[in-house]
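A quick write-up on the structure given underneath.
The values are calculated or read from the model by the stated rules, or taken from the named source; none is laboratory data. If you're wondering where the values come from, they're calculated on a predicted model, not measured in any experiment. When we count neighbours, we look across all protein chains shown, and the Cβ atoms used for this are built from the backbone with ideal geometry, even at glycine.
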Amino acid sequence: MKIAFNGLIIDEKRAGIGQYGHNLINSLIKKKEGIDYTFFLQEDIKFSYDNIIYRKNYNRSYERIFEEQVSLPTKYNKYDLVHFIDYSSPILPIKVPFITTIHDLSFYKYPQAFTRGSRKIKELLTPISVKRSEIIVTISESTKKDIISYFPDVEDKIRVVYPGKPCFTRVDNNFQIDSVKKMYGIEGKYILAVGTLEPRKNIKSLIRAFSIINKEFKDIKLVLVGKKGWLYDEEFREIKDIEMNNNLIYTDYVRQEHMAALYSGAEVFVYPSFYEGFGLPPLEAMSCGVPVVVSNTSSLPEVVADAGVYCDPNNVKNIAESVISVLGSTSLKKELAKKGIIQSNKFSWDKTAENIISIYKEILKL
């Protein structure tokens with residue numbers, strides 16, 4: 001069984017889909033099961049595996065999409081099956097069956113959160129992928145419902161396969177935590193938020209909520225971690241309006257090896273996103289024993305279950321009150337930390353890889 005795996009969306013500063021792809025590749029390589037994989041990757045992404053076709057590093061997403069659409073389709077025809085881990089399978093026909101992982105339909109549900117160009121590309125390519133894919137893999141029941149609502153004819157070929165939890169766990173070494181905090185200019189207690197800086201993540205409401213929280217907890221800081229995403233200028237304007245009090249810290253991207261310590265040092269993790277296909281950061285926080293406050297929307301209740309406090313992402317006061325309820329209760333923090341670890345252990349990349357491989361075999365009738 002020869003399978004081509006397009007992982008070109010994975011870059012060095014991986015987040016979201018890139019993080020998903022990186023963990024999935026690692027898990028597939030470990031399982032093997034007689035499968036001959038060929039991974040298409042950017043040249044800076046290295047795995048302990050021989051059969052990798054390295055392409056250049058892409059500075060812009062449109063460069064990658066152009067290659068995926070124009071240069072690569074004919075290269076797939078020598079394989080038995082192709083797996084695309086994002087929405088953009090080729091417009092040009094390929095002769096072998098393929099599966100596409102669709103993580104969310106945020107560009108349909110929240111079009112205002114995207115630039116016009118990126119939204120148009122997604123609106124063009126996604127229906128093609130949905131129609132032509134042998135199987136559509138999605139990462140939550142919530143996203144499955146969204147796909148069915150826009151494409152009701154494809155319900156029978158959708159498979160929900162949850163991602164796994166991250167490989168890192170809680171750091172109890174205070175020296176290690178303090179060392180990482182110092183690298184990113186963090187002192188004292190802090191609330192942590194992780195995610196690409198873009199409108200869908202609702203950072204503006206979080207910052208406004210923090211101004212309320214800060215009146216009651218004057219010594220606490222808000223730490224924002226993540227790359228600059230779509231329309232980030234608007235988010236930064238909000239940050240600049242409140243940054244004078246020195247209690248708001250924006251780190252930009254944080255290296256993966258530092259994330260466990262950064263999570264573990266936080267008083268609470270907050271994720272007031274409007275919409276998520278899955279939401280890896282809350283799962284990462286829970287795996288580090290950090291109490292989480294998340295939105296009561298989309299897939300997040302699937303991920304967090306009863307292990308977190310929920311908030312209304314459209315209500316700044318409610319976001320603030322939810323965070324304050326955790327900060328003000330030692331017993332609640334301990335309870336959520338314990339439940340979070342239990343909940344995070346329900347997600348396994350080994351199980352994810354098994355389910356993906358079973359889909360490969362289903363398509364190839366093995």
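Counting only residues that are within 26 Å of A261 (Cβ to Cβ), modelled with pLDDT of 95 or more and in contact with a Ser or Thr (Cβ under 6 Å, 6 or more places away or on another chain), give me the helices (runs of 4 or more DSSP H) lying completely in segment 273-337 with at least 2 of them.
Once the helices (runs of 4 or more DSSP H) in segment 273-337 are filtered for at least 2 residues that are within 26 Å of A261 (Cβ to Cβ), modelled with pLDDT of 95 or more and in contact with a Ser or Thr (Cβ under 6 Å, 6 or more places away or on another chain), what remains is 280-287.
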Yes/no for S322 being among the small types (G, A, S), touching a residue at least 12 places away in the same chain (Cβ under 8 Å) and not assigned by TED's automatic domain parsing to the domain that holds S106 | yes
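Restricting to segment 92-133, count the residues that are of a type in the set (S, T, N, Q) and in a helix (DSSP H, G or I). Don't jump to the end; show me each part of the working.
Our first condition is that a residue be of a type in the set (S, T, N, Q); within segment 92-133, this holds for 100-101, 106, 112, 115, 118, 126, 129, 133.
Subsequent filtering for residues that are in a helix (DSSP H, G or I) retains 106, 112, 118, 126, 129.
The total comes to 5.
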Conditions (1) in contact (Cβ under 8 Å) with a residue 24 or more places away in the chain; (2) under 24 Å from Y110 (Cβ atoms); (3) out of contact with any His (no Cβ under 8 Å at 6 or more places or on another chain); number of the one not met by S149 = (1)
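Let me confirm something: among I35, I17, which residue is surrounded by fewer than 22 Cβ atoms within 10 Å (Cβ to Cβ), in contact (Cβ under 8 Å) with a residue 60 or more places away in the chain and in contact with a His (Cβ under 8 Å, 6 or more places away or on another chain)?
Values: I35 fails: in contact with a His (Cβ under 8 Å, 6 or more places away or on another chain).
Just a single option satisfies the conditions, and that option is I17.
Rundown of residues vs (1) within 24 Å of I3 (Cβ to Cβ); (2) touching a Leu at 6+ places or on another chain (Cβ under 7 Å), yes/no style:
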site: P73; (1), (2): yes, yes
site: I102; (1), (2): yes, no
site: K120; (1), (2): no, no
site: S129; (1), (2): yes, no
site: I139; (1), (2): yes, no
site: S142; (1), (2): no, no
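Identify, please: which residue in segment 59-91 is part of a loop (DSSP other than H, G, I, E, B) and surrounded by 18 or more Cβ atoms within 10 Å (Cβ to Cβ) and is, among those, farthest from the chain's Cα centre (by Cα)? First the steps, then the outcome.
Restricting attention to segment 59-91, the residues satisfying the condition of being part of a loop (DSSP other than H, G, I, E, B) are 59-60, 72, 79-80, 85-91.
Narrowing the set further to residues that are surrounded by 18 or more Cβ atoms within 10 Å (Cβ to Cβ) leaves 72, 79, 85-90.
Details: L72: 26, Y79: 29, I85: 13, D86: 12, Y87: 15, S88: 17, S89: 20, P90: 23 Å.
If we take residues in segment 59-91 being part of a loop (DSSP other than H, G, I, E, B) and surrounded by 18 or more Cβ atoms within 10 Å (Cβ to Cβ), then Y79 is farthest from the chain's Cα centre (by Cα).
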Among E198, E216, E134, which is surrounded by 15 or more Cβ atoms within 10 Å (Cβ to Cβ), in contact (Cβ under 8 Å) with a residue 24 or more places away in the chain, of a type in the set (D, E) and in the same structural domain as Y271 (by TED's automatic domain parsing)?
-> E198
Scan of segment 43-58 for residues that are touching a helix residue (DSSP H, G or I) at 6+ places or on another chain (Cβ under 9 Å), part of a loop (DSSP other than H, G, I, E, B), farther than 20 Å from A353 by Cα and not hydroxyl-bearing (S, T, Y), ordered by number = K56
Looking at segment 153-193, which of the residues that are under 24 Å from V304 (Cα atoms) and in contact with a Leu (Cβ under 8 Å, 6 or more places away or on another chain) is modelled with the lowest pLDDT?
-> P166
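Restricting the search to segment 75-88, which residues are more than 21 Å from I35 (Cα to Cα) and not charged (D, E, K, R)?
Y87, S88
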